[in-house]
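For reference, the structure discussed in these notes is given below.
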Amino acid sequence: MPTTLDLAIDLIGRPSVTPEDAGCQPVLIARLAALGFRVERLRFGEVDNFWARFGDVGPLFAFAGHSDVVPPGPLERWRSPPFAPTVRDGVLYGRGAADMKGSLAAMVTACERFLAACPQPRGSIAFLVTSDEEGAAVEGTVKVVERLEARGEKMRWCLVGEPSCAKQLGDTIKNGRRGSLNGRLLWRGVQGHVAYPHLAQNPIHGVGSLLTALVDEVWDEGHAFFPPTSFQISNARSGTGAVNVIPGELELLFNFRFSPAVTVEQLQERVRLIVETCLLNEEIKTGQVFQYDLEWSLSGPPFFTPPGDLVAAARAAIRAETGLEPELSTGGGTSDGRFIAPTGAQVIEFGPLNATIHKIDECVLAGDLDRLSRIYEGILKRLLG
């Protein structure tokens with residue numbers, strides 16, 4: 001039987017830039033079907049997904065992951081081609097090595113060993129795999145979860161294989177994530193000639209106080225298990241490209257990463273009040289009246305899994321393999337756990353080191369993949385063995 005490293009190399013060699021799967025899921029499906037998993041291929045739009053389940057009774061434990069990867073970036077900057085996985089000095093290099101084809105390989109080999117030793121577990125095991133996590137994330141896990149919910153198929157525990165560790169394998173479990181709220185502000189003035197500013201209203205000049213107010217605002221003080229809410233402007237666009245034209249509008253794109261200490265509605269209302277206050281102040285100061293539009297999109301609410309049987313099983317399995325006592329963390333970005341947690345499942349994320357994810361020369365210690373597989377197997381033993 002191929003090792004975890006062999007399977008990871010096979011997956012990394014397939015250029016599955018989101019939302020492409022590039023043949024990764026058929027490889028996983030073949031291995032799982034050989035173990036007796038019933039597999040449903042679920043294609044939504046241009047996205048490949050599958051749900052595979054072993055067993056019909058008892059509590060359901062699910063592994064969740066994604067077969068897609070982010071684009072590799074400039075190929076000439078890679079020491080070896082991103083989709084030609086290479087092991088150098090005990091390190092596996094390639095796009096997806098850490099995020100998260102190494103985890104997918106470890107999940108499969110963990111199940112192979114667990115079911116060989118325990119062919120009738122005290123519950124069921126499932127896999128939820130998508131090729132739409134790194135992209136729009138609208139035809140992937142969220143759609144599969146909707147299908148499961150519609151037929152009443154519930155996960156009790158879910159382990160998402162995102163790279164969670166900071167300095168060494170086993171040092172961090174993610175047991176929650178902040179929510180992500182996106183905003184678009186269109187600040188409208190009046191276009192004109194730069195030589196006649198009195199006949200125009202420059203939105204770039206008029207937005208300065210608003211930017212300061214938004215950036216300086218303290219949105220909350222955090223939560224018992226979450227850092228304070230953060231606000232970041234990600235894009236600012238204005239101008240026609242000509243040096244002699246005062247632009248007529250300015251577009252700002254921004255993002256909140258927010259904790260349960262504040263709601264989506266509260267953030268939206270506070271932004272609206274700040275914008276309205278700055279508009280009024282600008283009118284008093286300059287006599288100019290600007291208009292605006294605000295649009296919102298929610299990438300996902302925050303979720304949190306308090307310490308319970310899933311966290312305990314993960315901690316014990318990590319401790320047995322590494323000797324470490326993992327930290328529980330809610331930091332970092334979003335994951336597909338945000339679609340699974342609202343179903344009532346306990347959700348954690350655990351995987352390899354995240355130091356090189358999305359970077360040139362993404363990599364993972366080759367030896368960590370078998371260790372990760374044994375940790376996953378240890379979790380299965382503690383929950384279903």
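The values are calculated or read from the model by the stated rules, or taken from the named source; none is laboratory data. Since the model is a prediction, treat every value here as computed from it, not as a measurement. Every residue, glycine among them, receives a Cβ derived from its backbone with ideal geometry; neighbour counts consider all protein chains shown.
Candidates Gly248, Gly208, Gly323, Gly241: the one that is at positive phi and not assigned by TED's automatic domain parsing to the domain that holds Gly378 is Gly241.
Restricting to region 75-100, give me the number of residues that are assigned to a strand (DSSP E or B), over 27 Å from Ala137 (Cα atoms) and touching a residue at least 60 places away in the same chain (Cβ under 8 Å). Write out each step before concluding.
Initial filter on region 75-100 (assigned to a strand (DSSP E or B)): 86-88, 91-93.
From what is left, the residues that are over 27 Å from Ala137 (Cα atoms) are 86-88, 91-92.
When the remaining residues are screened for being touching a residue at least 60 places away in the same chain (Cβ under 8 Å), the result is 87, 91-92.
Residues flagged as assigned to a strand (DSSP E or B), over 27 Å from Ala137 (Cα atoms) and touching a residue at least 60 places away in the same chain (Cβ under 8 Å) within region 75-100 amount to 3.
Among the criteria (1) out of contact with any helix residue (DSSP H, G or I) (no Cβ under 9 Å at 6 or more places or on another chain); (2) assigned to a strand (DSSP E or B); (3) more than 30 Å from Glu133 (Cα to Cα), the one Arg272 does not fulfil is (2).
Residues are listed down the side, and each one gets a yes or a no for (1) of a type in the set (Ser, Thr, Tyr); (2) out of contact with any strand residue (DSSP E or B) (no Cβ under 8 Å at 6 or more places or on another chain); (3) closer than 26 Å to Glu217 by Cα; (4) in the same structural domain as Cys165 (by TED's automatic domain parsing):
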site: Asn281; (1), (2), (3), (4): no, yes, yes, no
site: Phe290; (1), (2), (3), (4): no, no, yes, no
site: Leu294; (1), (2), (3), (4): no, no, yes, no
site: Ala314; (1), (2), (3), (4): no, no, no, yes
site: Phe339; (1), (2), (3), (4): no, no, no, yes
site: Ser373; (1), (2), (3), (4): yes, yes, no, yes
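Looking only at region 16-60, residues that are farther than 22 Å from Val70 by Cα and touching a residue at least 24 places away in the same chain (Cβ under 8 Å) come to 15 in all. Screening the candidates Ala224, Ala166 for the property of being touching a residue at least 24 places away in the same chain (Cβ under 8 Å), surrounded by fewer than 15 Cβ atoms within 10 Å (Cβ to Cβ) and more than 27 Å from Leu252 (Cβ to Cβ) yields one hit, Ala166. Of the listed requirements (1) under 19 Å from Ile318 (Cβ atoms); (2) out of contact with any helix residue (DSSP H, G or I) (no Cβ under 7 Å at 6 or more places or on another chain), Ser230 misses just one: (1). Highlighted here would be strands (runs of 3 or more DSSP E) found entirely within region 312-385 that include at least 2 residues which are polar (S, T, N, Q), more than 16 Å from the chain's Cα centre (by Cα) and surrounded by fewer than 24 Cβ atoms within 10 Å (Cβ to Cβ), but there are none. Does region 44-89 hold any residues that are among the β-branched types (Val, Ile, Thr) and over 24 Å from the mean Cα position of the chain (by Cα), and which are they? Listed by number, the residues that qualify are Val57, Thr86, Val87.
Yes/no matrix, rows are residues, columns are (1) among the charged types (D, E, K, R); (2) within 25 Å of Gly45 (Cβ to Cβ); (3) in the same structural domain as Asp56 (by TED's automatic domain parsing); (4) within 13 Å of the chain's Cα centre (by Cα):
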site: Ser131; (1), (2), (3), (4): no, yes, yes, yes
site: Ala137; (1), (2), (3), (4): no, yes, yes, yes
site: Gly140; (1), (2), (3), (4): no, yes, yes, yes
site: Val144; (1), (2), (3), (4): no, yes, yes, no
site: Met155; (1), (2), (3), (4): no, yes, yes, no
site: Gln168; (1), (2), (3), (4): no, no, yes, no
site: Asp171; (1), (2), (3), (4): yes, no, yes, no
site: Gly189; (1), (2), (3), (4): no, no, no, no
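So which residues in region 219-254 are touching a Gly at 6+ places or on another chain (Cβ under 8 Å) and within 17 Å of Phe304 (Cβ to Cβ)? Answer for region 219-254, where residues must be touching a Gly at 6+ places or on another chain (Cβ under 8 Å) and within 17 Å of Phe304 (Cβ to Cβ): Phe225, Phe226, Pro227, Pro228, Thr229. So, Glu269, is that one without any contact (Cβ under 8 Å) to a residue 24 or more places away in the chain and under 16 Å from Asp293 (Cα atoms) or not? Considered against the rule, which asks whether it is without any contact (Cβ under 8 Å) to a residue 24 or more places away in the chain and under 16 Å from Asp293 (Cα atoms), Glu269 comes out as yes. Reported count of residues in region 118-147, each being surrounded by fewer than 20 Cβ atoms within 10 Å (Cβ to Cβ) and aliphatic (A, V, I, L, M), is 3.
For (1) modelled with pLDDT of 95 or more; (2) farther than 24 Å from Glu134 by Cα; (3) not hydroxyl-bearing (Ser, Thr, Tyr), each residue gets a yes or a no:
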{"position": "Arg177", "(1), (2), (3)": "no, no, yes"}
{"position": "Gly183", "(1), (2), (3)": "yes, no, yes"}
{"position": "Leu186", "(1), (2), (3)": "yes, yes, yes"}
{"position": "Gln201", "(1), (2), (3)": "no, yes, yes"}
{"position": "Val207", "(1), (2), (3)": "no, yes, yes"}
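Of all residues in region 240-267, those satisfying the criterion of being of a type outside the set (Ser, Thr, Tyr), loosely packed, with under 14 Cβ neighbours inside 10 Å and assigned to a loop (DSSP other than H, G, I, E, B) are Gly241, Ala242, Val243, Asn244.
Every condition in (1) closer than 21 Å to Ile125 by Cβ; (2) buried (at least 20 other Cβ atoms within 10 Å of the Cβ) holds for Pro26 except the one numbered (2).
Do we find a residue being within 23 Å of Leu128 (Cα to Cα) and part of a loop (DSSP other than H, G, I, E, B) anywhere in region 286-301? Looking for residues that are within 23 Å of Leu128 (Cα to Cα) and part of a loop (DSSP other than H, G, I, E, B), one finds at least one in region 286-301, hence yes. Considering Gly287, Gly308, the condition of being exposed (fewer than 13 other Cβ atoms within 10 Å of the Cβ) and closer than 26 Å to Ser209 by Cβ is satisfied by Gly287 alone. Put simply, of Glu76, Glu40, Glu20 the only residue that is surrounded by 17 or more Cβ atoms within 10 Å (Cβ to Cβ) and of a type outside the set (Gly, Ala, Ser) is Glu20.
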